[in-house]
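The values are calculated or read from the model by the stated rules, or taken from the named source; none is laboratory data. Bear in mind the structure is a predicted one, so any value in this text is a computation, not a measurement. Quick reminder, even Gly has a Cβ in these numbers, built from the backbone with ideal geometry, and neighbours come from all protein chains shown.
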Amino acid sequence: MNPYLNRLTQETIPYAAGEQPRDGERVIKLNTNENPYPPSPHVAAAVAAEVPKLNLYPSPDAAAARRAFAAAYGVCADNVFVSNGSDEALAFAFMAFWDSGKPLATPALGYSFYPVYARRFDVPLIQIPMINTLEVDTETLTALPPHIGVILANPNAPTSLALPRDAIARITASRPNAVVLIDEAYIDFAPDSVTALPLLTDHPNLLITRTLSKSHSLAGMRVGFAVGSPQLIDGLSRVRDSFNSYVADRLAIAAAAAALADTTYQTETTRAVIAARDALTNGLRSLGFTLPDSSANFVLAHHPRKSAPEIQQSLRERGILVRRFQNPPEIADRLRISIGTESECRALLAALAEIV
Ligand SMILES: *Cc1c(COP(=O)(O)O)cnc(C)c1O
C-alpha cells in the first residue's frame, strides 16, 4: 500500500488502455479503434499556422473548434463544449451531474471507463444486465426511478450495436430532472437514424459526447465535444474552470477546426471504413466466426472452435494486434477487431484462415 495516497486514489482502479506499440515497431494495429487513415490534408497547414502563436494561451472555450463542430453538425455553437478528448468530457460530466444523491445507471456491457469514473468520483453506478448477452435493456432503463441518471454509448462498445433514436428518446423522457449522457464516439459509422442530436431541442437533460479520435483520424490530437442545453454546458464549464482553464491547446483547436471543415474527406474515409467493415464481416463469417452486424468501426467476433486468447496470441505472433476483454466473462471468448484499411483487413483474414 502506498501511504501517500488519499482514499479515492487508493480505491481507484485505473482504466487499462489497449496496447500501443513502440514507435517504429511494424504491426497491423486493430486493437484501439483508431482510424486507419491519416487526418485531412488540411490539418497539417492549420497546425503549422498556429505554431508562431504558441507563446499565447489558447481560447479558453476553444471557440474555433466549437464553431466548426456547430457548422458540421447543424447545432448552435453555444451548446457545444470542447474537451481534451471525449474521455475528459465524460470525466467532467461525472463531476458535474452525479453523486450519492444523484446516482447513475449504465448497461452492464459498455465502455469500461464508466465504472472507473464512477469509483473515482464516488458516484453509485447501477449496472443493468444485458438482454441476449449483447443488447441494451431499454425497457429496464426507462423504468428506473426518475432521479437516476443514465450513461450509455450508442453505438455501444464493445458490442458494436446501436439503439434506434426513439429508444434514446424514451430513456431521456423518462427522467427529465436527471442527466442522460449518450456517448456517440462511433456515431459517424452508424446510420443517420441513430444520432440523438435531433432530440436536444426537446430535452434539456440530454448530453451527447462526440470525439474526433475515431471518424476524424485525430486520436493523437485529443479533441472531444459535448453538446447539450445551456444548463448542462454550464455544469461542464464550472468543472473545467475549477480544474484547468485551457483544456484544448492551440494546435488541437486548429487541427479540430480544419478536420471538421473538411467534410468531403471525412465522408470519404468513413465510407471506406464502412465498406471494409462490411467486407470483413463477410470474410469472418465465411471462416466460421459469429458476430453481429456492426454500426461502429470495429466488430466483436467469436469463433466456435478456436478460443479467443489462442487466436489473439497467434495474430500477435504474426504482427497483428486485436483486443480482448476478460470481463465480463460473457465476452471473454470474443475478439474486438478495429477496422483497418482494405489491405490490412485482407492481411487479417489471410492470417485467420491459417489460424482457425
Ligand atoms: C474511444 C472512445 C471514447 C474516447 O475517445 P477520446 O475522445 O479519444 O477520449 C469515448 N467513448 C467511447 C465509447 C469510446 O470508444
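Table for the structure above
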| quantity | calculated |
| --- | --- |
| Residues of the stretch 25-46 classified as more than 20 Å from I320 (Cβ to Cβ) and either in a helix (DSSP H, G or I) or within 18 Å of the chain's Cα centre (by Cα) (or both), total | 6 |
| Of all residues making up the stretch 76-116, the number that are assigned to a loop (DSSP other than H, G, I, E, B), of a type in the set (G, A, S) and more than 11 Å from the ligand (Cβ to nearest atom) | 3 |
| Whichever residue in the stretch 133-170 is β-branched (V, I, T) and in a loop (DSSP other than H, G, I, E, B) and, among such residues, is farthest from the ligand (Cβ to nearest atom) | I148 |
| D183 vs. criteria more than 11 Å from the ligand (Cβ to nearest atom) and of a type in the set (D, E, K, R) | no |
| The one condition in (1) away from the ligand (no atom under 16 Å from the Cβ); (2) outside any loop (DSSP other than H, G, I, E, B); (3) in contact with a helix residue (DSSP H, G or I) (Cβ under 9 Å, 6 or more places away or on another chain); (4) at pLDDT 95 or above that R119 fails to fulfil | (4) |
| Qualifying positions in the stretch 203-227 - within 12 Å of the ligand (Cβ to nearest atom), touching a Gly at 6+ places or on another chain (Cβ under 8 Å) and without any contact (Cβ under 8 Å) to a residue 60 or more places away in the chain | I208, L212 |
| Where A46 falls short, out of the listed (1) within 16 Å of the ligand (Cβ to nearest atom); (2) farther than 25 Å from A296 by Cβ | (1) |
| Residue identified as farther than 17 Å from T269 by Cα, surrounded by fewer than 24 Cβ atoms within 10 Å (Cβ to Cβ), away from the ligand (no atom under 14 Å from the Cβ) and modelled with pLDDT of 95 or more among P191, P198 | P198 |
| Of all residues making up the stretch 47-67, the number that are part of a loop (DSSP other than H, G, I, E, B) and of a type in the set (D, E) | 1 |
| Check on F97, aromatic (F, W, Y), more than 19 Å from T32 (Cβ to Cβ), buried (at least 21 other Cβ atoms within 10 Å of the Cβ) and modelled with pLDDT of 95 or more | yes |
